[in-house]
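Since every read-out is calculated from the coordinates, none of them should be taken as a lab result. Because the structure is a prediction, the values reported are computed rather than measured. When we count neighbours, we look across all protein chains shown, and the Cβ atoms used for this are built from the backbone with ideal geometry, even at glycine.
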Amino acid sequence: MAKIGINIATGSLQKQEMIVGIDLGTTNSLVAIIHPDTKQPVALKEFDGLSLVPSIIHFDTSGQITVGDDARKYLLKEPHNTIFSIKRLMGKSYRDVQNQSSFFSYKIIDDNTEGLVKIMVGDKFYSPVELSSYILKELKTRAEHILKTPVTKAVITVPAYFNDAQRQATRDAGKLAGLDVLRIINEPTAASLAYGMGLKKEETKTIAVYDLGGGTFDISVLRITGGIFEVLSTNGDTYLGGDDFDRQILIHWCKELGITEDELANHKALAQELRLVAEEAKKVLSTSDEFIGSVAEQEVKLTKARFEDMIRPLVQRTIDSCRNALQDAELSIREIDEVVMVGGSTRVPLVKESVSRFFNKQVHDSLDPDEVVALGAAVQADILAGNNKDFLLLDITPLSLGIETMGGLMDVLIPRNSKIPSKAGRQYTTQKDGQGSMRISVYQGERDLVKDNRKLAEFNLTGIPGMPAGLPKVEVSFLVNADGILVVKAKEIRSGVEQSIEVKPQYGLTDTEVERLLMDSITHAKEDMMTRALVEAQTEGQQLLEVTSQFILKNPGFLTLAEQNETEHAIKALREVMDTGTKDEIQAAIEKLNEVSRPYAERLMDKSVQSALKNTKIK
Ligand code: ADP
Ligand code: MG
């Protein structure tokens with residue numbers, strides 16, 4: 001059923017909203033859609049016929065921002081104001097990237113080595129998320145211009161090795177650009193989809209996706225069964241790509257031209273020029289045997305054979321990664337059904353030949369290697385738009401799922417972004433002697449205290465037979481089935497009593513609410529960590545107080561008078577700081593009480609060991 005909307009501002013009819021696929025690359029980014037007539041994925045092209053938008057941002061002195069080819073021109077002239085490779089910095093701290101800082105010709109700020117990196121342009125600071133959002137905004141504007149319709153919804157791809165922080169940063173960048181990011185999908189999954197793999201329901205296939213881009217190398221082994229993609233293994237190098245080929249050429253020419261490392265470091269503009277001409281040479285050598293050009297008014301040359309010698313060790317490293325990926329997936333080369341080539345650097349003949357030789361197979365390279373990821377993102381977008389009903393959705397849990405444990409802490413069983421279906425279990429025990437029931441409260445969210453998260457369900461596991469505290473074993477298991485329904489089960493292992501409940505985790509939660517919950521968890525991360533530490537100290541203190549009091553009650557006369565006095569003193573001191581003290585004060589009081597009780601606890605231990613030995617007959 002097609003929906004028609006009316007644009008309130010203009011009064012005009014609006015076409016059904018388009019969901020676009022976006023490849024937000026280190027080097028190049030682009031947008032693709034499913035063509036409404038042909039139903040085939042196509043990359044959006046401006047009148048210039050180019051689909052790729054270089055992921056480069058330029059700031060002029062008045063703060064005006066340009067993105068793409070226009071920004072690229074400034075790499076040479078204004079290296080400090082021209083940002084490239086920003087994807088490498090997504091979700092990273094300065095410490096993560098300090099060894100690479102000579103690679104960047106702009107200023108990366110080291111204000112706090114634990115914190116996330118910031119980039120300084122002029123007198124302003126920018127986060128990688130903000131900078132990426134400028135690229136996405138440019139892509140959105142371009143797409144709207146080409147499609148003549150608003151574009152507000154998108155699927156964005158990320159490398160398979162991106163961690164949670166990096167995925168979240170990408171999502172945030174989309175949001176900042178005014179895009180509703182319906183899904184973040186893995187680049188290798190997108191590339192396979194672009195080749196139509198996984199679109200047939202009955203198909204089972206094992207695919208190796210070899211992605212050599214500008215800044216990163218990624219090999220992923222995927223298995224598709226019944227339309228579901230499973231990542232069997234990933235391997236690669238987050239600092240290996242076409243940029244490194246350029247760098248090899250640059251180093252070679254520097255030697256030839258007598259340019260020292262110091263000179264290069266001090267002449268950012270010269271370094272950039274070398275970088276650009278080196279890249280040009282590399283591209284030329286993908287189709288010819290020799291390159292002749294000039295740098296700083298001096299002639300530079302390179303043959304294909306010489307270039308291949310330079311990059312052979314780098315290419316070999318990618319092949320070693322492929323071997324490791326297969327090993328991790330416990331597969332032999334023969335078990336790989338398809339090999340998909342992704343990334344502009346797979347145009348280098350030596351790369352293609354080496355991969356094909358290793359896998360002993362013709363590789364898939366009929367689609368444009370720079371566009372294939374975006375094309376696949378468009379296929380996924382189309383599935384999300386409901387235009388491809390036969391296909392199962394690849395889904396993930398939007399927020400973490402867990403239960404409340406002592407002190408109101410959230411214990412996560414299924415982390416955010418887990419694949420659906422998903423399963424997890426953990427054992428818990430009782431806090432009190434003879435406790436006959438246990439309350440299981442299920443929550444959704446990222447905060448450390450359950451009160452800041454969203455309660456989904458609650459039930460009581462009753463009928464636990466009377467046992468001392470800590471003895472019952474209650475296994476709590478979470479299962480999110482393919483429909484996104486969460487089933488929570490609690491079972492006391494010794495007695496076999498069990499109880500379960502079904503919940504729809506996302507029920508009633510809009511995308512905006514999910515975003516808010518996630519944003520909250522980011523803004524409160526530090527505070528949450530401190531609260532968690534405090535609650536843990538309080539819980540430990542409470543338990544110690546109970547145990548010690550019980551001990552004294554059960555073993556009258558076991559303590560010397562001095563021990564008794566000291567213990568009472570330490571108990572009192574701990575009680576005093578329990579509710580109002582800081583984590584450190586509580587821990588100090590716990591330590592003190594432990595110290596005081598250690599001698600008689602050990603004495604009791606010896607005694608019970610001796611009596612236990614007495615009763616054991618050795619045959
Ligand atoms: P990313 O995924 O990192 O954004 P791309 O897939 O767009 O990167 O690949 C960019 C890389 O591909 C750059 O290093 C570029 O120099 C390289 N590249 C593009 N075209 C060619 C070519 N014809 N020959 C060799 N390398 C190329
Ligand atoms: Mg890429």
- Query: Taking the Cα atoms only, what angle lies between the long axis of helix 268-285 and the longest principal axis of the chain, rounded to 10 degrees?
  - Reply: 70 degrees
- Dividing the surface of the Cα convex hull of the chain by four yields a projected area in nm² of 39.2 nm²
- Taking H placed 1.01 Å from N in the peptide plane, check which residues at least 5 places from Leu399 or on another chain put their amide H under 5 Å from its amide H. Asn417
- Separation between the Ser366 and Glu502 pseudo-spin-labels, each 7 Å from Cα along Cα→Cβ, expressed in nm? 4.4 nm
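Estimate the FRET efficiency between Lys301 and Arg323 by the formula 1/(1 + (r/R0)^6), using the beta-carbon distance for r and 41 Å for R0, to the nearest 0.05.
On the way: r = 35 Å, r/R0 = 0.85.
The calculated FRET efficiency here is 0.70.
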- Query: Whose amide H sits under 5 Å from the amide H of Val340, counting only residues 5 or more places off or on another chain, with H placed in the peptide plane?
  - Reply: Ala208, Val209, Tyr210, His364
- Please work out the Cα center distance from the stretch 336-389 to the stretch 242-262, rounded to the nearest Å. 31 Å
- Length gained if Thr523 through Val231 is fully extended, taking 0.36 nm per residue and subtracting the Cα-Cα distance, is 102.0 nm
- Based on the Cβ-Cβ distance of Lys39 and Asp69, what FRET efficiency does E = 1/(1 + (r/R0)^6) give at R0 = 41 Å, to the nearest 0.05? 0.85
- Query: aspartates and glutamates near Lys572 by alpha-carbon distance under 15 Å, same-chain residues fewer than 8 away left out - which ones?
  - Reply: Glu546, Glu563, Glu585, Glu591, Glu595
- Task: Find how much the distance from Glu144 to Ser437 grows on full extension, using 0.36 nm per residue of separation minus their present alpha carbon separation; answer in nm with one decimal.
- Result: 99.6 nm
- Task: For Ser294 and Thr560, compute 0.36 nm times the residue count separating them, minus their Cα-Cα distance, and round to one decimal in nm.
- Result: 86.7 nm
- Task: May I ask for the angle, rounded to the nearest 10°, between helix 242-257 and the longest principal axis of the chain, with both axes built from Cα atoms and the value confined to 0 to 90°?
- Result: 60 degrees
- On a C-alpha basis, how far is the centre of the stretch 169-237 from the centre of the stretch 442-463 in Å? Whole number, if you could? 33 Å
- So what are the three principal axis dimensions of the stretch 210-293 from its Cα atoms, in whole Å, longest to shortest? 58, 30, 17
- Rounded if a/c under 1.5, otherwise prolate or oblate - the stretch 401-523, Cα gyration tensor axes: prolate
- Query: What's the local net charge at Ser500, with K and R +1, D and E -1, over the other residues with C-beta under 14 Å away?
  - Reply: -2
- Item | Between the stretch 27-98 and the stretch 526-553, the Cα center-to-center distance that results, in Å | 52 Å
- Query: Relative to the longest principal axis of the chain, what angle (0 to 90°, nearest 10) does the C-alpha long axis of helix 525-554 take?
  - Reply: 20 degrees
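By counting other Cβ atoms within 10 Å of each Cβ, how are Ser102, Ser62, Ser321 ranked from fewest to most?
Fewest-to-most Cβ neighbours within 10 Å comes out as Ser62, Ser102, Ser321.
Using Cβ counts within 10 Å as a stand-in for footprinting exposure, how do Thr149, Thr157 rank, fewest first? Show your work: numbers first, answer last.
Values: Thr149 14, Thr157 27.
Lowest count first: Thr149, Thr157.
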- Task: Select from Met406, Leu471, Ser321 the residue farthest towards the positive end of the dipole of the chain; place +1 on Cβ of Lys and Arg, -1 on Cβ of Asp and Glu, and compute about the Cα centre.
- Result: Leu471
- Message: To make sure I understand the rule: partners must be aspartates and glutamates, Cα under 14 Å from the Cα of Lys489, and not fewer than 8 residues away in the same chain. Which ones qualify?
- Response: Glu458, Glu475, Glu498, Glu502
- Item | Residue (of Leu182, Gly293, Leu116) at the positive-pole extreme of the chain, dipole from beta-carbon charges | Leu182
- Query: lysines within cross-link reach of Lys200: Cα-Cα under 30 Å, excluding same-chain residues under 8 positions apart?
  - Reply: Lys3, Lys15, Lys39, Lys45, Lys153, Lys352, Lys361, Lys389, Lys419, Lys423, Lys504
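If I take every Cα pair under 8 Å that is 6 or more residues apart in the stretch 401-523, average their sequence separation and divide by the length, what percent do I get for the relative contact order? Don't jump to the answer; show the numbers that get you there.
Values: 253 pairs, mean separation 29.0, N = 123.
Across the stretch 401-523, relative contact order equals 24 percent.
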- Using a Förster distance of 35 Å, how high is the FRET efficiency between Ile485 and Asp579, based on the Cβ-Cβ distance and rounded to 0.05? 0.30
- Query: What's the local net charge at Thr157, with K and R +1, D and E -1, over the other residues with C-beta under 14 Å away?
  - Reply: -2
